[in-house]
Amino acid sequence: MNSFYPILKKELLELVRSKKILMLIIVFAFVAISSPILAKLIPTIFKNITLVPGMVLNIPESTWRDSIDQFIKNTTQFVALIVIFLFAGSVAEEKTKKTLELVLTKPISRRNFILAKFASSFFAIKVVFILFSAVFYLYTISIFGAMSLINFVWLSVFLLILILLIDAITIFFSTISANQLIAVGLSFLVFILIMTLLPYISAIEPYAPGYIVNHYKDLMSNGEIKNFVWPAVISMALTFVAIFASVGCFKKQEIER
Amino acid sequence: MSQIIVKNLSKKFGTFTAVSDLSFAIDENRVVGFLGPNGAGKTTTMRMLVGLSRPTSGSIEIAGQNVVFGDSSANKYFGYLPEQPAFYAWMTGYEYLKFVAESFGMKKDEYSSKIEKLLVTVGLTAAKNKKIGAYSNGMRQRLGIAQAVINDPKVLIMDEPVSALDPIGRKETLQVIEKLKKNMTILFSTHILSDVDKICDDVIIIDKGKLLAFSSLSELKEKHATQILQIEFQSDPEKLVKDLEKEDWVAKVEKAGNNLSLVLKDDEVIQNNLPMKYFSSKGIGIISYTLNLPQVEDLFEELVREDK
């Protein structure tokens, strides 16, 4: 594994220098801070909108549940998309920019090269997600009062597993694609499949990686995690499949001029 | 001892054969020019040598290590410089060399002084903390050489190391190669044949993926290229051209103004003083004449022409 650490170091430095980590922080921070604010403000905004003269909208006061709704919606929209856009170039861009040529003629194994891509992006996503999930939690309880910490921790863990799966799929497509654009397109298609199509197939839905997105309310209400274990296990298994498939495919790839 | 051994190497892209049954062995501390017309298979061969491309058949050994596609074990023993090396533009020159040194498992106390020395050798000390994105083509090429030799490789493989450079960059890069050639086996491809004359011991010439010649430069010149007699006449030698072409001792005649270039059939033409006897018998006045030694260009043209 000697050649793993230099390439991992390079990947982490690149995340900082290319400002990818900054973009990740901005999007996660936006989700963490805007979700409780939107949850708080939406009822007030609706109350002030008069659609029909004399009509009164009876909107209940918002709670931490509305904040969680916003958090889930924003995470699955903005966070997942930024992960695809930021990491679709991980390997594909090295091919198009030809930087791979020199790196792969050094004693850096192809396996370590790909593993470093996964490790660095997983590390960045984990750190930023954990940090801003904590920010979201603190901000939500400061606005709406108490919310179960343990239930929120479980929700965050399952969401993180889903985001890491999306990242793994993105890096897999980045590995097999000739350029970043193809990788973005393919990753986005799979993302749509996971998030919108699989939940409609009743036999698959309880095991689908996106299960947490449609059933998080149960978890937050009663803290029952058993229904979420299988989707999480399957997500992690798919993540490992994506990693192994990326390594396998990359080992066989010829580097074109 | 041979440092690069290539046996029956072939590469096919679909039905197109880019490299066909290529075999050669390069000895220690030789500088070998790898020549061939465009599309001859030079770059494909070099990319197979360094493990970037998978051979269809055949074997490669560098510094005693088998080069196996997809396995980086042999990479410790060679340095490689592609035609237009691409670096991480966000790194500085020093950072890139440090990254390469670390990938070879070198520790800080080992690589610090090594990098400084290399930066002096390639003339990049003043630019070491500049982002590579701001480097000129010449600076990138010199950084490319530095990264290729940071591990003191036994073998250095370079694909067209000077072709993308302006005359100054080319000169600087050739000077760096001159400095390195004492301690390593160097294989480099180029289409600038005068560079081969300057720094190579041997040449390999390929065309359509096949080996046409592999020998020392001096042997090749002796074996293949005939002598060229340059003659300046008092008046336009137009009428002489057809007569000379009929002579047994003349292989080819080329005219430029009052000058004629005569490609001679063999060494005996001069030993028997045939040209001077001919002009003297015809009463033709000559201002000057020079016998030119063959250049790599002539050898190259002759071998490729023969092949066709």
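At a glance:
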{"read-out": "Strands (runs of 3 or more DSSP E) within the range B:1-86 that include 2 or more residues of a type in the set (S, T, N, Q), out of contact with any Lys or Arg (no Cβ under 9 Å at 6 or more places or on another chain) and modelled with pLDDT of 95 or more", "value": "B:2-13"}
{"read-out": "Answer residue from the range B:37-57, given it is surrounded by 17 or more Cβ atoms within 10 Å (Cβ to Cβ) and at positive phi and is farthest from the chain's Cα centre (by Cα) among those", "value": "B:Gly51"}
{"read-out": "Selection from the range A:27-72 of residues that are over 23 Å from A:Gly145 (Cβ atoms), outside any helix (DSSP H, G or I) and at pLDDT 75 or above", "value": "none"}
{"read-out": "Residue, modelled with the highest pLDDT, within the range A:213-257, restricted to residues that are acidic (Asp, Glu) and outside any helix (DSSP H, G or I)", "value": "A:Glu254"}
{"read-out": "Counted residues, the range A:54-90 - those being among the hydrophobic types (A, V, I, L, M, F, W, C) and within 14 Å of another protein chain (Cβ to nearest Cβ)", "value": "0"}
{"read-out": "Residues (facing chain A (nearest Cβ under 7 Å) and crowded, with 23+ Cβ neighbours inside 10 Å) located in the range B:58-84", "value": "B:Asn75, B:Tyr80, B:Pro82"}
{"read-out": "Residue within the range B:190-204 that is crowded, with 21+ Cβ neighbours inside 10 Å and of a type in the set (Gly, Ala, Ser) present", "value": "no"}
{"read-out": "Which numbered condition B:Phe99 fails, given (1) within 8 Å of chain A (Cβ to nearest Cβ); (2) out of contact with any helix residue (DSSP H, G or I) (no Cβ under 7 Å at 6 or more places or on another chain); (3) outside any loop (DSSP other than H, G, I, E, B); (4) of a type outside the set (Lys, Arg)", "value": "(2)"}
{"read-out": "Tally of residues being facing chain A (nearest Cβ under 9 Å) and either surrounded by fewer than 23 Cβ atoms within 10 Å (Cβ to Cβ) or at positive phi (or both) across the range B:102-118", "value": "3"}
{"read-out": "Tabulated pairs, the range A:113-141, first farther than 20 Å from A:Leu8 by Cβ, second assigned to a helix (DSSP H, G or I) and among the polar types (S, T, N, Q), C-beta under 6 angstrom, 6+ apart or interchain", "value": "A:Ser133/A:Ser156; A:Thr140/A:Ser67"}
{"read-out": "Tally, over the range A:215-240, of residues that are surrounded by fewer than 14 Cβ atoms within 10 Å (Cβ to Cβ) and either aliphatic (A, V, I, L, M) or under 20 Å from the mean Cα position of the chain (by Cα) (or both)", "value": "6"}
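The values are calculated or read from the model by the stated rules, or taken from the named source; none is laboratory data. Computed from a prediction, not measured in an experiment: that's the story for all the values here. Cβ coordinates were reconstructed from backbone atoms using ideal geometry, including for glycine residues, and neighbour counts include every protein chain displayed.
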